[in-house]
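Everything on this sheet refers to the single structure shown next.
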Amino acid sequence: MGKITTVGLDLAKNVFQVHGVSDDGRVLVRRQLRRRQVLAFFEKLPPCLVGLEACAGAHYWARELRALGHEVRLMPPSAASPGPRSGVKPYVKRGKTDAADAAAICEAVTRPSMRFVPVKTSDQQAVLLQHRARDFLVRQLTQIANAIRAHLGEFGIVAPKGMHNVERLLGRAAEDGLPANAEAPINLLAAQFRETRAKVEEVTALIKAAQGRDATAARLATVPGVGVLTSSVIAATTPEVANFRRARDFAAWLGLTPKPHSSGGKERLGRISKMGNRYIRRLLYLGAMAQISARRRRGPGDDWLWKMLEKKPAKLVAIALANRMARTIWALLKTGESYRARPA
């Protein structure tokens with residue numbers, strides 16, 4: 001039996017599939033492993049190249065296998081990532097089985113055109129967990145606020161839109177009075193609203209503290225429109241900047257560039273692709289809208305943003321501005337510098 005040089009590992013909750021080949025491409029091992037057997041199996045192998053799909057649990061296993069001396073590379077599962085054949089999916093043979101997936105991973109990891117995902121540290125994953133928890137709680141808070149607004153509207157009690165007006169709405173309900181049977185459920189919803197809002201503030205404080213300790217996030221926060229949340233999640237999520245040849249590639253990775261529709265020599269650009277990380281794209285868009293609101297308050301001028309607002313709808317300008325912000329972020333990640341505003 002030859003020496004295993006490359007292994008494709010198809011991850012799962014309990015049953016893992018291994019596909020190992022030698023340097024001349026001969027299949028030397030093709031077997032299933034239970035979860036408790038994975039580390040013991042790789043402990044016996046000499047250091048080799050291990051390919052994994054970037055999925056749930058992949059970063060944990062990558063760190064564990066690296067600790068055993070193996071070279072681990074994570075790959076995007078889909079070919080939708082930037083670059084030619086930059087996912088595992090094109091290498092899967094006909095049929096969907098764990099063995100076929102592991103063989104495809106083993107082949108894809110050696111391709112020179114493959115794009116790889118950097119292995120996240122446990123600290124980076126902890127930051128992302130904070131963001132996901134906050135996003136989940138914010139969605140809950142919005143649902144509760146909408147429920148309170150809808151139920152009180154049935155009794156003619158209304159208030160202007162906005163999360164900050166929910167307490168005002170509850171105050172009016174207390175003043176005007178509700179039927180006895182309606183007071184109890186409204187009070188329960190009000191208590192749930194306040195409790196969830198406190199949890200959101202608690203998680204936000206954790207994110208701010210982590211962002212203050214991250215030098216990269218602190219540098220990104222110097223970009224206008226990029227606040228604590230945006231800088232924190234980009235620092236924890238963005239892959240190696242060397243994967244992007246230019247700033248436009250980074251903006252395309254975030255889904256902020258138009259989708260081309262070309263045929264017969266005619267090139268047309270459509271709407272933005274909306275590929276990539278929705279959460280980062282949404283934060284950049286909200287930061288751009290905040291900049292637009294601040295710019296409108298200052299009045300007319302001859303800068304790029306004001307000229308765009310005179311010609312285009314605000315939401316379209318916000319997408320263009322978010323694109324510019326993404327390109328600026330790419331430049332800061334590449335150079336290691338902080339943002340410097342252009343002289344007026």
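The values are calculated or read from the model by the stated rules, or taken from the named source; none is laboratory data. Owing to the predicted nature of the structure, the values given are computational and were not obtained by experimental measurement. Positions of Cβ are backbone-derived with ideal geometry, glycine not excepted, and every protein chain shown enters the neighbour counts.
Scan the range 324-344 for residues that are crowded, with 18+ Cβ neighbours inside 10 Å and closer than 18 Å to residue 294 by Cα and the total you get is 2.
Identify the residue in the range 160-183 that is closer than 29 Å to residue 133 by Cα and of a type in the set (A, V, I, L, M) and, among all such residues, is nearest to the chain's Cα centre (by Cα). Filtering the range 160-183 for residues that are closer than 29 Å to residue 133 by Cα and of a type in the set (A, V, I, L, M), the one nearest to the chain's Cα centre (by Cα) comes out as 163.
Do the conditions hold for residue 222, that is, is it among the β-branched types (Val, Ile, Thr), under 17 Å from residue 337 (Cα atoms) and not in a helix (DSSP H, G or I)? If you could, list the steps in order and put the result at the bottom.
Working: among the β-branched types (Val, Ile, Thr): yes; under 17 Å from residue 337 (Cα atoms): yes; not in a helix (DSSP H, G or I): yes.
In short, yes.
Just to be sure before I move on: is residue 258 within 17 Å of residue 320 (Cβ to Cβ), in contact with a strand residue (DSSP E or B) (Cβ under 6 Å, 6 or more places away or on another chain) and not acidic (Asp, Glu) in the structure I sent? Lay out the reasoning, then the answer.
Values: within 17 Å of residue 320 (Cβ to Cβ): yes; in contact with a strand residue (DSSP E or B) (Cβ under 6 Å, 6 or more places away or on another chain): yes; not acidic (Asp, Glu): yes.
In short, yes.
Residues of the range 201-245 that are within 16 Å of residue 121 (Cα to Cα) and under 16 Å from the mean Cα position of the chain (by Cα): 217, 232, 233, 234, 235, 236, 237, 238, 239, 240.
Figure legend. Inter-residue proximity from the range 164-176: first residues within 13 Å of residue 187 (Cβ to Cβ), second residues surrounded by 14 or more Cβ atoms within 10 Å (Cβ to Cβ), beta-carbon distance below 6 Å, spacing 6+ or different chains. Indicated pairs: 170/190; 173/152; 173/157. The set of residues in the range 184-224 being crowded, with 18+ Cβ neighbours inside 10 Å, of a type in the set (A, V, I, L, M) and within 19 Å of residue 334 (Cβ to Cβ) consists of 217, 220, 221, 223.
Looking only at residues of the range 133-177 that are among the polar types (S, T, N, Q) and modelled with pLDDT of 95 or more, we find that the one that is surrounded by the most Cβ atoms within 10 Å (Cβ to Cβ) is 140.
Would the range 257-267 turn up any residue that is free of Cβ contacts under 8 Å to residues at least 40 places away in the same chain and touching a helix residue (DSSP H, G or I) at 6+ places or on another chain (Cβ under 8 Å)?
no
Quick one: in the range 225-269, of everything that is over 18 Å from residue 337 (Cα atoms) and of a type in the set (A, V, I, L, M, F, W, C), which residue is surrounded by the fewest Cβ atoms within 10 Å (Cβ to Cβ)? Among them, the one singled out is 269. The single condition among (1) surrounded by 13 or more Cβ atoms within 10 Å (Cβ to Cβ); (2) modelled with pLDDT under 90 that residue 96 does not meet is (1). The single condition from (1) on the phi > 0 side of the Ramachandran plot; (2) at pLDDT below 90 that residue 225 fails is (2). The residue of the range 279-304 that is surrounded by the most Cβ atoms within 10 Å (Cβ to Cβ), among those that are without any contact (Cβ under 8 Å) to a residue 12 or more places away in the chain, part of a helix (DSSP H, G or I) and not hydrophobic (A, V, I, L, M, F, W, C), is 282. Within the range 27-45, the set of residues being in contact with a strand residue (DSSP E or B) (Cβ under 7 Å, 6 or more places away or on another chain) and of a type in the set (S, T, N, Q) comprises 32 only.
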